[in-house]
Amino acid sequence: YNNFKKILQHEISHLYLYQINNKFPSWFNEGFAMYTANEFDISRKINISWNLLFKRIVNLNQLKSFLSAPKSQAYLYYSQSGASIDAMIFYYGDDILDSILFYTKQDNNFNQAFLKATGGDTIDKFSVKYTSYLNNHFRLLFIYQFQKIIFFLIPFLLLLAWFYKKKRTKKMIKLWEIEEELEDLKDTQKEYDKNGA
């Protein structure tokens with residue numbers, strides 16, 4: 001049900017934008033739909049983080065042809081589009097989307113609407129801020145994915161450490177027993193030498 005609800009919200013958002021203007025850039029169109037459907041979750045953010053690590057992040061103007069892109073690339077494009085809306089809200093405030101839509105309705109031109117809504121930032125200027133936002137907010141997020149692995153490994157590592165310590169203690173006890181036997185042999189030898197002499 002939750003997935004169906006998100007898909008419905010996502011697609012209705014596209015229809016809503018299309019009623020305002022059918023020339024929204026792909027990144028805004030998909031980002032807005034993801035934002036409305038609350039789809040920009042931790043897995044999307046981790047995806048961006050991994051792609052930052054491997055230098056596979058693309059510029060805003062390259063975020064297009066979502067449906068014809070390979071699956072992993074399309075997933076990244078959607079993730080980046082979701083991040084673009086986050087970045088806009090971060091830099092320009094909570095009302096930025098309403099402002100852009102308001103000015104787009106008036107001018108019928110997304111670039112001019114964006115310029116007015118942001119108080120003078122062009123798409124190119126925002127694109128630079130957007131890249132900086134990705135680097136500052138998602139660069140090390142891939143580490144979060146290792147938490148599950150670490151929680152699984154800790155008991156296993158503790159068990160290994162316990163077995164290692166047990167084995168080592170056994171060896172030490174055996175060594176001490178051998179040393180004691182040698183001492184006893186030396187004492188017996190001394191006693192024998194003393195009595196024999």
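The values are calculated or read from the model by the stated rules, or taken from the named source; none is laboratory data. Just so you know, these numbers come straight off a predicted model, no measurement behind them. Using ideal geometry, Cβ is built from the backbone for each residue, glycine included, and neighbour counts are taken over all protein chains shown. SASA here: full protein model, heavy atoms, side chains in, ligands and nucleic acids out. Shrake-Rupley method; radii C 1.70, N 1.55, O 1.52, S 1.80 Å.
Given the options Tyr35, Tyr164, Tyr77, which has the most mean-square fluctuation in a GNM of the chain, springs set between C-alpha atoms less than 10 angstrom apart?
Result: Tyr164 has the largest fluctuation of those listed.
Separation between the Phe102 and Val128 pseudo-spin-labels, each 7 Å from Cα along Cα→Cβ, expressed in nm?
Placing both labels 7 Å beyond Cα along the Cβ direction yields 2.8 nm.
Using a ≥ b ≥ c from the Cα gyration tensor of region 23-92 (square roots of the eigenvalues), is it rounded, prolate or oblate, where a/c under 1.5 gives rounded and otherwise the larger of a/b and b/c decides, a/b for prolate?
Working: a/c = 1.43, a/b = 1.13, b/c = 1.27.
Since a/c stays below 1.5, the shape of region 23-92 is classed as rounded.
Using a Förster distance of 45 Å, how high is the FRET efficiency between Phe66 and Leu175, based on the Cβ-Cβ distance and rounded to 0.05? Let's see the in-between values first.
Details: r = 68 Å, r/R0 = 1.51.
The calculated FRET efficiency here is 0.10.
Using a simple spin-label model with points 7 Å from Cα along the Cα→Cβ vector, what separation in nm is obtained for Asn59 and His14?
2.6 nm
For the chain, what is the calculated [θ] at 222 nm in deg cm²/dmol (nearest 500), taking -39500 (n - 2.57) for each run of four or more DSSP H residues and dividing by its residue count?
Working: 8 runs with 152 residues, N = 197.
It lands at -26500 deg cm²/dmol.
Whenever you get a sec, line up Lys171, Lys129, Lys64 from highest to lowest accessible area (probe 1.4 Å, protein heavy atoms).
Details: Lys171 140, Lys129 65, Lys64 115 Å².
In descending accessible area the options line up as Lys171, Lys64, Lys129.
Return the FRET efficiency for the residue pair Trp50, Ala161: r is the Cβ-Cβ distance, R0 is 35 Å, and the value is rounded to the nearest 0.05.
Details: r = 31 Å, r/R0 = 0.89.
In this case the efficiency is close to 0.65.
Accessible area, 1.4 Å probe, largest first: how do Asp95, Asp41 sort? Don't skip to the answer; put the middle values down first.
Numbers: Asp95 105, Asp41 65 Å².
Per-residue accessible area, sorted high to low, gives Asp95, Asp41.
Within region 1-75, how many Lys pairs that are eight or more residues apart, or on different chains, come under 23 Å at the alpha-carbon?
Eligible lysine pairs with Cα atoms under 23 Å apart amount to 11.
Taking a 1.4 Å probe, which of Thr104, Thr122 shows the most accessible area, and what order do the others take after it?
Largest to smallest exposure gives the sequence Thr122, Thr104.
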